[in-house]
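Written out below as structure tokens is the structure these notes cover.
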Amino acid sequence: MSRPFVSTYFSPQQGAADQIIGFVDRCQDRLDIAVYSLTHDEIAEAIIRAHIRGVDLRVLTDNTQAGGRTSDDEKLEAAGVSVRRDTQSGSMHNKFCIDGTRAVITGSFNWTVNADKRNAENFVVIRLKYVVAGFQEEFDRLWDLNA
């Protein structure tokens, strides 16, 4: 359901991954992504397209999940995307994506085919500058912490 400031999305089988792909494809300036698991190849391809368009891009992912054979972190790095793997104890279980100062996606949705096709998951797109700023502050903190 789409509203002026918040839109809600659910899976499975409701096109949640397509919404994330569209969000990434519309991004023009800066995109910061903190995601626990990234194995959905079409989402990874959208991130690479954003990088090719010149979007300032950073991706932070969980170290253990990044070690999986289907993880797309190495594909992103090979394309020139800045990727960091969490070095802290415990899981980097965040799932959010910030489009500059315009919007943030956040929720339970892992960026995987299972999340899109099998799991009951959700995310919201929030278009409130003070909320986006709070997520940006946390992303910057995590990015620096995992340098």
What shape does segment 43-125 have by the C-alpha gyration tensor, where a ≥ b ≥ c are the square roots of the eigenvalues, rounded means a/c under 1.5, and otherwise prolate means a/b greater than b/c and oblate the rest? rounded
Once the principal axes of the Cα atoms of the chain are found, what is the range along each, listed largest first in whole angstroms? 36, 33, 32
Can you list the HN-Hα couplings for segment 57-69, worked out from phi with the Karplus curve (6.51, -1.76, 1.60; θ = phi - 60°), rounded to whole Hz and with x for Gly and Pro? 10, 9, 10, 10, 9, 5, 4, 5, 5, 4, x, x, 5
Rounded to the angstrom and largest first, Cα extents along the principal axes for segment 58-105 equal 33, 28, 16
Could you compute the net charge surrounding residue 42? Neighbours are other residues with a C-beta less than 15 Å from the C-beta of residue 42; K and R count +1, D and E count -1. -3
Write down the percent of antiparallel bridges among all DSSP beta bridges whose residues are both part of the chain, to the nearest 5. 65
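Quick note: the coordinates plus some simple rules give every number you see, no bench work behind them. Just so you know, these numbers come straight off a predicted model, no measurement behind them. Backbone-built Cβ (ideal geometry, glycine too); neighbour counts: all protein chains shown.
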